[in-house]
Structure formats: C-alpha cells, structure tokens
Amino acid sequence: MNTIPLTPVEATPAVTCANCAACCCQLEVILLTDTGVPQRYIDTDEWGGDVMARLDDGWCIALDRDTMLCTIYENRPWVCREFEMGSPECLDERGALATIYR
C-alpha cells in the first residue's frame, strides 16, 4: 500500500499577552467600576466620564514601555479584565496594529 507523505502544517503561534505588542493598550478604557486604579492614572473624557489616562502617543499610561506589560495589572480596570486574550476583538486589534507597521 502506497502512502502519501504528509506535509507539515505550520502551526499558528498561540495568542498570548507575552507575544503581543499590547494592542489593547491603545484602546480607550472607560472606568465603569472601582477596581483600585490609582488616581494618577485616571483622566476625564470630554463627557465628564472617568477613563484611563493616555500618553501623547495614545498608549495607556499604565503600560510599561520596556516590558509592554501593565504596571497595575492587579488593579486594572474592569474593561481590561473583560478584554479576553485571543478573543475576536483581541485578534481584530492585533490585525489592525500589524497593518500599521507593514
């Protein structure tokens, strides 16, 4: 019996926060609940709501730019907790960021 050799399929790398460019850290984060975000990281939007402050270039102020990790992870906002790693929203943001740097 002849067998057809199988061509290995390259696996898509798993989506993790460790191999991401912190795409979600460029999104506007509205503070809906009190999770202990330090006041110095909170800004007020044009409608008077509390939001995570962002730097002039649009990145979240709580992002450590050397490690690309959240400096207040244990006290991160509810929205950040609900933004699921590898979710369709996550993959959309990763895809959009990837096109910027091409």
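The values are calculated or read from the model by the stated rules, or taken from the named source; none is laboratory data. It should be emphasised that the depicted structure is a prediction, and the values quoted were computed from it without experimental measurement. Note that each Cβ is placed from the backbone with ideal geometry, even for glycine, and that neighbours are counted across all protein chains shown.
Anything in segment 53-70 that is in contact with a Phe, Trp or Tyr (Cβ under 9 Å, 6 or more places away or on another chain) and polar (S, T, N, Q)? List them, or say none. Walk me through it before giving the result.
Pass one, segment 53-70, residues in contact with a Phe, Trp or Tyr (Cβ under 9 Å, 6 or more places away or on another chain): 53, 60-62, 65.
Once the filter is applied, which keeps residues that are in contact with a Phe, Trp or Tyr (Cβ under 9 Å, 6 or more places away or on another chain) and polar (S, T, N, Q), segment 53-70 yields nothing.
Let's see how each residue does on (1) touching a Cys at 6+ places or on another chain (Cβ under 8 Å); (2) of a type in the set (Phe, Trp, Tyr); (3) not in a loop (DSSP other than H, G, I, E, B):
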{"residue": "Gly48", "(1), (2), (3)": "no, no, no"}
{"residue": "Val51", "(1), (2), (3)": "no, no, yes"}
{"residue": "Gly58", "(1), (2), (3)": "no, no, no"}
{"residue": "Asp66", "(1), (2), (3)": "no, no, no"}
{"residue": "Glu74", "(1), (2), (3)": "no, no, yes"}
{"residue": "Val79", "(1), (2), (3)": "no, no, yes"}
{"residue": "Met85", "(1), (2), (3)": "yes, no, no"}
{"residue": "Cys90", "(1), (2), (3)": "yes, no, yes"}
{"residue": "Gly95", "(1), (2), (3)": "no, no, yes"}
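Of all residues in segment 68-93, those satisfying the criterion of being within 19 Å of Arg54 (Cα to Cα), surrounded by 13 or more Cβ atoms within 10 Å (Cβ to Cβ) and of a type outside the set (S, T, N, Q) are Met68, Leu69, Cys70, Ile72, Arg76, Pro77, Trp78, Val79, Cys80, Phe83, Glu93.
Quick check on this structure: which one of Glu46, Glu89, Glu93 is within 12 Å of the chain's Cα centre (by Cα) and without any contact (Cβ under 8 Å) to a residue 12 or more places away in the chain?
On the way: Glu46 fails: within 12 Å of the chain's Cα centre (by Cα); Glu93 fails: without any contact (Cβ under 8 Å) to a residue 12 or more places away in the chain.
Going through Glu46, Glu89, Glu93 in turn, just one is within 12 Å of the chain's Cα centre (by Cα) and without any contact (Cβ under 8 Å) to a residue 12 or more places away in the chain: Glu89.
Criterion first (at pLDDT below 85 and on the phi > 0 side of the Ramachandran plot) does Ala96 satisfy it? Answer is no for this residue.
Looking only at segment 1-52, count every residue that is touching a Phe, Trp or Tyr at 6+ places or on another chain (Cβ under 7 Å), modelled with pLDDT of 90 or more and surrounded by 15 or more Cβ atoms within 10 Å (Cβ to Cβ) and tell me the total.
First, the residues of segment 1-52 that are touching a Phe, Trp or Tyr at 6+ places or on another chain (Cβ under 7 Å): 24-26, 32-33, 35, 52.
Subsequent filtering for residues that are modelled with pLDDT of 90 or more retains 32, 52.
Next, only the ones that are surrounded by 15 or more Cβ atoms within 10 Å (Cβ to Cβ) stay: 52.
Residues that pass the stated criteria total 1.
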